[in-house]
Amino acid sequence: MRLEVNGTKASLAFDFEEMNVLSFYDAAESPDAGFRRIFVTEPEHPYVGNWWPTGHGLGYEHGFTHQVVDLVTAIGAGEQPSPSFADALQVQKVLAAVEGSAAESSRWQEV
């Protein structure tokens, strides 16, 4: 399964066959640049130090582990979690637009 979200300024793609890679396109860059592949198991990523050596794949469940740790840590510190529930609402609006677009022959939806 591949999920791709395209906006006016950027695009992001995720493919379950390459779970440790995100493909990112920035419209501000040269059109010839294309999608940049971001490997989430490389040393510069903030969570990789919590797992095994660089280059070893992570599974589906590991992303959820990070979400829970970040949420509980923020709540414990009395800080606003990031992403917030307001951010989650915006995501739900995007998902509703995707669903609406699919139901209407792929017509663009206002978010």
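The values are calculated or read from the model by the stated rules, or taken from the named source; none is laboratory data. Everything numeric in this text was worked out from a predicted model, so none of it was measured. For neighbour counting, all protein chains shown are included, and Cβ atoms are generated from backbone atoms with ideal geometry for every residue, glycine included.
A few remarks follow.
- In this entry, V111 passes the filter for residues that are surrounded by 10 or more Cβ atoms within 10 Å (Cβ to Cβ) and more than 15 Å from the chain's Cα centre (by Cα).
Every residue, every condition in (1) small (G, A, S); (2) modelled with pLDDT under 90, yes or no:
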{"residue": "V5", "(1), (2)": "no, yes"}
{"residue": "K9", "(1), (2)": "no, no"}
{"residue": "F14", "(1), (2)": "no, no"}
{"residue": "N20", "(1), (2)": "no, yes"}
{"residue": "R36", "(1), (2)": "no, no"}
{"residue": "N50", "(1), (2)": "no, yes"}
{"residue": "H62", "(1), (2)": "no, yes"}
{"residue": "V68", "(1), (2)": "no, no"}
{"residue": "G76", "(1), (2)": "yes, no"}
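- Taken over the stretch 97-111, residues that are of a type in the set (S, T, N, Q), closer than 16 Å to T8 by Cβ and at pLDDT below 85 amount to 1.
- Filter result for V72 (surrounded by 11 or more Cβ atoms within 10 Å (Cβ to Cβ), in contact with a strand residue (DSSP E or B) (Cβ under 6 Å, 6 or more places away or on another chain) and of a type in the set (V, I, T)): no
- Some residue of the stretch 95-102 being among the hydrophobic types (A, V, I, L, M, F, W, C) and more than 20 Å from the chain's Cα centre (by Cα): yes
- Filtered residues of the stretch 42-69 (kept if in a helix (DSSP H, G or I), of a type in the set (A, V, I, L, M) and surrounded by 11 or more Cβ atoms within 10 Å (Cβ to Cβ)): V48, V69
- Verdict on V48 being under 13 Å from the mean Cα position of the chain (by Cα) and not aromatic (F, W, Y): no
- Residue list for the stretch 1-59, restricted to those being of a type in the set (S, T, Y) and either closer than 27 Å to S101 by Cα or free of Cβ contacts under 8 Å to residues at least 12 places away in the same chain (or both): T8, S11, S23, Y25, S30
- Note on the stretch 1-23: residues that are assigned to a strand (DSSP E or B) and either surrounded by 13 or more Cβ atoms within 10 Å (Cβ to Cβ) or β-branched (V, I, T) (or both) total 10.
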